[in-house]
Amino acid sequence: MFGTRARRLLSTAAPLAALAMLAAGCSDAASGSDGGSSGHTLRVGVIGSKAELSGPIGFLDSLGELQPRLADLGFTKVEVYPFPNGPDLNQALVGGSLDVATYGDTPALVARGSGLETRLIAQASVGSDASIVVKAGGPRTLADLQGARIAVQTGSYMHRYLLGALREAGVEPGEIVHVYTADTEAPLERGDIDAAALPQANAAVFESRGYEVIDHLAEDHPDLAGTSATVSTDGFLDAHPDFAATWQDLQQQGVNEARADFGAYQDFAVSLSDFPAELVRPTIREDQLPEGPFPEDGLRLLEGTKEFLVDEGFIDEDFDLGDWLVDDAGSGA
């Protein structure tokens, strides 16, 4: 349904400034950089502007319970590198500048389907939410976006949601353009774009500024929800055979801590955002916490996303999810 421009935007990288930084500062082998004579540095890539771990693993780290377990594996230091977009992060991961990546499932699936030798260690969250927003007085429904110019951070779960929602509505946009989420408001206000697909916290902020939501993933298209993927390479996991199982255990420990005091978990998640707490807090839901590394609902969403990406030509070659997952024994699930 969607043209070659949309496929190219989803599968190619955006500006490579972050990659240049990594090449200069993190050029060690994929088996983990040298953290000194006493151990290695674990290099983790994330999406966003802050060099901080998020989700259950980040919460566990904030409690001081992550580093001791990683030290048992020989990682005495964790360095976090933020990237603006999934395709950039993919390049750094397979280029050996990162050991682990935590990001949306869409770019992770595209990377695997492009032949990159990655493995899925865990789903860090389930049910990533988003909305399509417009300027007040603009389009009222998805049908009004026929022939429209729509912005989205390409290669993201919001991109997959946008395309899926438009396809379900039988709408053919005029153009889908790549705009980083943080840069969306100005072109929307000027009328350079007619609509934008945004993460739910950003959409809530836009609503508070007078913009309007015409489609909400959780309410209108729950089967298009995203998941967060924690991925590494075959080379790294071969060099550290106990890493995947340890990370999975740590994630579950973080989930247990979050469930035991969800208010504290929300406080932690809010602290990672620059938005008002009263807008961000409602977007952090307990049902997004995964139970186990590969929860049933998470795998169902992941399979649906993969099928969509295959159907639309974003994935070059289909693959079995079971061959991609790493079970608790360190082999394919």
- Message: Looking only at helices (runs of 4 or more DSSP H) that lie completely in the stretch 52-110, which have at least 1 residues being outside the structural domain of GLY263 (by TED's automatic domain parsing) and of a type outside the set (A, V, I, L, M)?
- Response: none
- Task: Identify the single condition in (1) within 18 Å of the chain's Cα centre (by Cα); (2) over 23 Å from GLU117 (Cβ atoms) that TYR265 does not satisfy, given that it satisfies every other one.
- Result: (1)
- Filtering the stretch 49-73 down to residues that are in contact (Cβ under 8 Å) with a residue 60 or more places away in the chain and among the small types (Gly, Ala, Ser), which residue is surrounded by the fewest Cβ atoms within 10 Å (Cβ to Cβ)? SER49
- Task: Scan the stretch 234-250 and give yes if some residue there is under 25 Å from THR305 (Cβ atoms) and among the polar types (S, T, N, Q), otherwise no.
- Result: yes
- Message: Please go through the stretch 64-121 and give me each residue that is out of contact with any helix residue (DSSP H, G or I) (no Cβ under 9 Å at 6 or more places or on another chain) and within 20 Å of GLY313 (Cα to Cα), ordered by number.
- Response: GLY115
- Message: What's the total number of residues in the stretch 157-183 that are assigned to a strand (DSSP E or B) and under 21 Å from the mean Cα position of the chain (by Cα)?
- Response: 3
- Query: Assuming GLY155 fulfils every condition listed in (1) touching a residue at least 60 places away in the same chain (Cβ under 8 Å); (2) more than 21 Å from GLU185 (Cβ to Cβ) apart from one, which condition is it?
  - Reply: (2)
- Subset of the stretch 278-294 [over 17 Å from the mean Cα position of the chain (by Cα) and surrounded by 13 or more Cβ atoms within 10 Å (Cβ to Cβ)]: LEU279, VAL280, ARG281, GLU291, GLY292
- Hey, does the stretch 273-282 have a residue that's touching an Asp or Glu at 6+ places or on another chain (Cβ under 6 Å) and modelled with pLDDT of 95 or more? no
- Message: Take residues that are out of contact with any Gly (no Cβ under 8 Å at 6 or more places or on another chain), in contact (Cβ under 8 Å) with a residue 24 or more places away in the chain and more than 27 Å from VAL134 (Cβ to Cβ) and tell me which of the strands (runs of 3 or more DSSP E) falling wholly in the stretch 184-286 contain 1 or more.
- Response: 226-233
- Residue among LEU302, LEU250, LEU289, LEU309 that is under 19 Å from PHE75 (Cβ atoms) and in the same structural domain as GLY48 (by TED's automatic domain parsing): LEU250
- Task: Evaluate the stretch 171-189: report whether one residue or more is modelled with pLDDT of 95 or more, buried (at least 18 other Cβ atoms within 10 Å of the Cβ) and touching a Pro at 6+ places or on another chain (Cβ under 6 Å).
- Result: no
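The values are calculated or read from the model by the stated rules, or taken from the named source; none is laboratory data. Computed from a predicted structure; not experimentally measured. Counting neighbours? That spans all protein chains shown, and the Cβs are built from the backbone with ideal geometry, glycine included.
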